[in-house]
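Here the structure is laid out as structure tokens; the discussion comes afterwards.
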Amino acid sequence: MRHIRTSSSGEHRALVPVLVCLGMLVAIVSSLGAPLIPTIADVDHVSVTTAQWSLTVTMLMGAVATPAMGRLGDGPHRRKVIIGGLATVLVGSLLAALPLGFGFLLTGRALQGVGMGLVPLAIATARDALPPDRARSALATLSLTTVAGVGLGYPLTGLLAQYFGMYAGFWFAVIAAAAALIAAALVLPEPPRRPAHPMDVPGAVLLTVGMTALLFALTEGERWGWTSVRLLALAAVAVLLLIGWVIHELRAPHPLVDVRLVRDRTVLMADFTTMIGGIGTYLLISLVTRYLQTPRSAGYGFGSSVVVTGLVLVPFSVASLVSGRLVRLLARRNPLTRLLPLGCLLSLAAMLCFVFARGSMWGVCVTMAVAGLGVGFNFAVTPALIVGAVPAHETGSAMSFNQVVKYIGYSAGSALSAVILQAHTAPGQTLPSNDGYRTAGLLGCAVWLLTALVSVALIRQGTRRPRSAGPHEPAGDPAPGHDESTPRSTGAQR
């Protein structure tokens, strides 16, 4: 029997906006660093590549904190974990807002990254606390909020930075985190009664060290030399640590993330597409923000202010919200798995548009609009596939792993853009050549094409829908009256 706290319709109405606000806060906080990277480099007297860590470290911490929070949130402590996460974001925002130097800024951005673990907990809360019909729409809204919020965070950051200084955006995060903390404390229900499991500390340590080593190797490759002994050694250590993490998770009685769930083809396809979507999203966003702010004297770019740069990304948010409506319409007649290749092809079209039409402002705007459609398709479909393919008691953990691979993609995309542009920066120069942007765009095209082909191959190999659903009921949604405390047959149960 499914244990859900009895709540009134008024509480239901209050819960969904609070959960959406949590998702929006996470997205805005995660994107605060990107438009300010050139400004941070100038104010704190560091290189642009170093300043890029103000974005990368947030994604890295999100990748590390999310599975731990998801595992804790699958037990009786979900409400406490959410409130604790918001408190950590509040402290991190305060540290980043104070003009104490790059080290404190980086520490604050890392603490803000803890908040990225709130998204899967919000999704699990919606599934447990809402009636099935309301849970379906809430899951779709939460999935798209994190995408749309990224595009909204950029112009907001730009406006605040231009008129109130570089730290104004972080002060806004302080206010927003405090408001979200109060709202969550008042509205969040107690979770269903499920047994608590001990935290997998060794798994958390292996994941943290492995991810940090991998991203550091990727970021420092150009400066150290791609064939240098220390770089190759660091990369090898990172790979071994991550392999060791997977082996440990498979053997642990209570793993940080149940990686065995990935054996389900639906979950595998969703996670793979999410990771590539993360790489493509932040690769493109990082390229566009730097390209727009490059002075025209470089022979390319627009010399745009932070405000204009942010406004150019608004089409990304608008299109991602539109794509959510399109997904709901198309899902009435098509399995959700068939929509993933479509999202990948839209993202491929966006990269092609950047490669060939970035010389004009309208070309960049079209690029971001098409990118929003593609990413919106992917991020609207994948959570529904995962929620429908795993038992209810594993929702938080499965969604946390999906968020982990997304944040790994975000981190890799952010770092990869800096690496490619640095490789195309002549000695003694501060700006990369225009060819660097073309190379990065072509690499993005290749990645999205490969992803589309892999998703099609997985579908043809027999990827099944998460459960038998009617033709007008999107796959992955809980059926009315379904007993979700009983694990569904997914082939991935323990």
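The values are calculated or read from the model by the stated rules, or taken from the named source; none is laboratory data. These numbers were taken from a predicted model, which means no experiment stands behind them. Note that each Cβ is placed from the backbone with ideal geometry, even for glycine, and that neighbours are counted across all protein chains shown. These area figures cover heavy atoms from the full protein model, side chains too; ligands, DNA and RNA do not enter into them. Shrake-Rupley method; radii C 1.70, N 1.55, O 1.52, S 1.80 Å.
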The one condition in (1) over 19 Å from the mean Cα position of the chain (by Cα); (2) among the aromatic types (F, W, Y); (3) outside any loop (DSSP other than H, G, I, E, B); (4) within 27 Å of Y163 (Cβ to Cβ) that F316 fails to fulfil:
(1)
Every residue from the stretch 33-47 that is assigned to a helix (DSSP H, G or I) and either modelled with pLDDT of 75 or more or of a type in the set (G, A, S) (or both):
A34, L36, I37, P38, T39, I40, A41, D42, V43
Out of L60, L55, report the one residue that is buried (at least 24 other Cβ atoms within 10 Å of the Cβ), at pLDDT below 90 and over 19 Å from M399 (Cα atoms).
L55
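Does at least one position in the stretch 323-331 carry a residue that is open to solvent by 30 Å² or more (accessible area, probe 1.4 Å) and closer than 23 Å to C365 by Cβ?
The answer is yes; a qualifying residue exists.
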All but one of (1) more than 25 Å from R358 (Cα to Cα); (2) surrounded by fewer than 23 Cβ atoms within 10 Å (Cβ to Cβ) hold for T266; state the number of the condition that does not hold.
(2)
Of those in the stretch 352-366 that are part of a helix (DSSP H, G or I) and in contact with a Ser or Thr (Cβ under 8 Å, 6 or more places away or on another chain), the residue nearest to G310 (Cα to Cα) is F354
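Matching residues to (1) buried (at least 20 other Cβ atoms within 10 Å of the Cβ); (2) more than 20 Å from D264 (Cβ to Cβ):
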position	(1), (2)
R333	no, yes
A371	yes, yes
G374	yes, yes
T382	yes, no
A415	yes, yes
A426	no, yes
Q429	no, yes
Given the structure, is V237 open to solvent by 10 Å² or more (accessible area, probe 1.4 Å) and not basic (K, R)?
yes
Can you name every residue in the stretch 274-303 that is open to solvent by 20 Å² or more (accessible area, probe 1.4 Å) and under 15 Å from L36 (Cβ atoms)?
R290, Q293
Among residues of the stretch 246-258 being at pLDDT 80 or above and open to solvent by less than 20 Å² (accessible area, probe 1.4 Å), the residue nearest to G70 (Cα to Cα) is P255
Does the stretch 229-239 contain any residue that is without any contact (Cβ under 8 Å) to a residue 40 or more places away in the chain, under 20 Å from G62 (Cβ atoms) and not charged (D, E, K, R)?
yes
What is the one condition in (1) loosely packed, with under 15 Cβ neighbours inside 10 Å; (2) under 25 Å from A110 (Cα atoms); (3) of a type in the set (A, V, I, L, M, F, W, C); (4) at pLDDT below 85 that I243 does not satisfy?
(4)
Hey, any hits in the stretch 218-225 for a residue that's without any contact (Cβ under 8 Å) to a residue 60 or more places away in the chain and closer than 23 Å to V57 by Cβ?
yes
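Being free of Cβ contacts under 8 Å to residues at least 24 places away in the same chain and surrounded by fewer than 19 Cβ atoms within 10 Å (Cβ to Cβ) is the filter here; which residues of the stretch 336-365 pass it? Reasoning before the result, please.
Taking the stretch 336-365 first, the residues free of Cβ contacts under 8 Å to residues at least 24 places away in the same chain are 353, 356-357, 360, 362-363.
If the condition is that a residue be free of Cβ contacts under 8 Å to residues at least 24 places away in the same chain and surrounded by fewer than 19 Cβ atoms within 10 Å (Cβ to Cβ), then F356, A357, S360, W362, G363 are the ones that fit.
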